[in-house]
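Data first, discussion second: the structure below is written as structure tokens.
Read-outs throughout are calculated quantities, based only on the coordinates presented, and are distinct from any laboratory measurement. Here the structure is a predicted model, which is why all the values come from computation and not from measurement. We place every Cβ from the backbone using ideal geometry, glycine too, and count neighbours over all the protein chains shown.
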Amino acid sequence: MTESLQSYIGGRWRDASGPEYTTEYPHDGSTVARLHAATAADVDEAVLAAEQARRQPAWAGLRHHERAGILYRVAQGIRERAEALAQLQRLDNGKPIKECRALVTSAAGTFQFFGAAAETWEDTVTPSRGDYLSLSVHEPLGVVGAITPWNSPIASEAQKLAPALAAGCAVVFKPAEITPRMAIELAKICQQAGVPDGIVSVLPGKGSVVGDALVKHPLIKRIAFTGGTTVGLGIQRLAAEKLMPTSLELGGKSPTIVMPDADLDHAVAGVLYGIFSSSGESCIAGSRAFVHVSLYDEFKRRLLDGVKRLRVGDPASEDTQMGPLVNLGHRASIERYVQLGRDEGGTVLCGGERPRGGFYDAGSYYLPTVFEGLPNSARMCQEEIFGPVLALLPWQDEADLIAQCNDNMFGLASGIWTRDFKNAWRIGRALQTGTVWVNTYKLFSISTPFSGVKMSGYGQEKGRLGILEYTSQKSFYIGLNEQPMPWALS
């Protein structure tokens, strides 16, 4: 059954002003939602309403613990609707239902964490160097824009919305055009939790229309973006014209390193999870596996055995490990990269094609794929594929290993498999990535900062100080001198 969705614009639920479009369930291509795309005029209406709403006592006058109470209620609202939200996310982008449940749980935890961070927020009395009291305080930036991707909507949106609300900002959301549902549902929960009208708006639509209008709007004081590097660079260029701060979580081509002393059971399981969970549609996917030559053949054998056991299927099934890709267009992009890998001289060890028969033919499915025989300089080892494609690369010399891992435009994440903590620490410090996992992969905590380096972006999400991204710092000097300033009396 196709559901009609509306946008949330300046505190009103209504159809946006642009053309009608539909979203599809990647499992079978069926239409699941119908809605209107937002326009630049809708963006202007939402931003103006947000600017007015954020100045009202109902929002600006709240103390930290009162804003925290609202965030706690949002967290509770997510938990109360957890299963329904997970099922809706499954329809939005085809993730397996177990993964959808984990993302919903994560979103609730994000709101709870930033509620606690807001409630316990402390500004600073700085050490005085004279006859005065000096303080450093932080104030909300104002109206901020959030642009989120299609691969993990509810978690990505919570990681932007919760700290912005905790800081006292108003937020205009632009979710991915093809996965608008979670942002819409979060707006409903925020409304029920007591977030004043106008403080949150959700405007689905094209990035070239809604995103550009949001970035360019003079009242938008910050953009938080997760998505592709090319789009991120465009946002940064526009933001520079306004001297507007941004946080950009962009692409990745993350290396995972298997050391000679690695526990192969752990390493194989971790590499499989790192690249093939989420069907590889993850910016942190461990898409380059550097395996020491002494155990390369054994690792490859175990890895391929593991790939054969992966359950690719209906995302509604509790047993499914890999669902479909997000749509047919994205699958075509993956197929072009696989062909490129072949053209560059790589050998496909498994996968490299669509599964056939039954529901596979209707959905945007693709088999987990492993390449070998490619140098790290190959395009397939340099460019983000954003799909279930792994390159195996043997290594022998540690200095060359580190050089190859770092020889990439991206620097989002990395993994190391070893029994030697000292080696892990040394190599981890040498890797040019924002996150290093040791004997694990793709684990996250909302209390630990997350960011990238190089072309993977910059700016911090998560962590207690994540609220600072949505504030401006202000200094106070309060004179304590008993006598007038001597300069004026000399």
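5 Å is the cut-off here: which amide hydrogens, built 1.01 Å from N in the peptide plane, fall below it relative to E24, excluding neighbours closer than 5 in sequence? Those lying under 5 Å, H to H, from E24 are V32. Subtracting the Cα-Cα distance of E318 and D407 from their residue separation scaled by 0.36 nm leaves 28.1 nm.
At a Förster radius of 35 Å, what calculated FRET efficiency corresponds to the Cβ-Cβ distance of R354 and Q87, to the nearest 0.05? Plugging the Cβ-Cβ distance into 1/(1 + (r/R0)^6) gives 0.85. Taken along the Cα-to-beta-carbon direction at a fixed 7 Å, the label points for E298 and T22 span 5.4 nm. What fraction of the DSSP beta bridges in the chain is antiparallel, stated in percent and rounded to the nearest 5? About 45 percent, rounded to the nearest 5.
Placing +1 on the Cβ of every Lys and Arg and -1 on the Cβ of every Asp and Glu, with no other charges, gives the chain a dipole of roughly 340 debye about its Cα centre.
In the chain, the calculated helix contribution to ellipticity at 222 nm averages -11500 deg cm²/dmol per residue, counting -39,500 (n - 2.57) for every DSSP H run with n ≥ 4.
For K174, a cut-off of 18 angstrom between C-alpha atoms picks up these lysines, skipping any fewer than 8 places away in its own chain: K160, K188, K206, K216, K221. Dividing the Cα radius of gyration by the Kirkwood radius, what Rg/Rh value follows for the chain? Using Cα coordinates only, the ratio equals 1.02. Each residue of segment 326-337 was assigned a 3J(HN,Hα) from its phi angle through the Karplus curve 6.51 cos²θ - 1.76 cosθ + 1.60 (θ = phi - 60°); the sequence is 5, 6, 5, x, 5, 4, 4, 5, 4, 5, 5, 5 Hz, with glycine and proline shown as x. Amide H contacts under 5 Å for A224: G145, A146, I147, S247, restricted to partners 5 or more places along the chain or on a different chain, H placed in the peptide plane at 1.01 Å from N. Multiplying the residue separation of R237 and M485 by 0.36 nm and subtracting their alpha-carbon distance yields 84.7 nm. With K and R counted +1 and D and E -1, the other residues having a Cβ less than 12 Å from that of L250 yield a net charge of 0. Full extension of the segment from R34 to H65, taken as 0.36 nm per residue of separation minus the current Cα-Cα distance, would add 7.3 nm. Amide H contacts for W395 (H built 1.01 Å from N in the peptide plane; partners 5 or more residues away or on another chain; cut-off under 5 Å): V291, H292, V293.
Using +1 at the Cβ of each Lys and Arg and -1 at the Cβ of each Asp and Glu in segment 109-181, identify which of L135, T120, V172 lies farthest towards the dipole's positive end. Towards the positive end, the residue furthest out is V172. Placing +1 on the Cβ of every Lys and Arg and -1 on the Cβ of every Asp and Glu, with no other charges, gives segment 255-438 a dipole of roughly 120 debye about its Cα centre.
In the chain, excluding the sites themselves, the longest stretch lacking any of the GluC sites (Glu not before Pro) that are in a DSSP loop with at most 13 other Cβ atoms within 10 Å is 354-481.
Calculated FRET efficiency, Y132 to S447, Cβ-Cβ distance, R0 = 51 Å: about 0.90 to the nearest 0.05.
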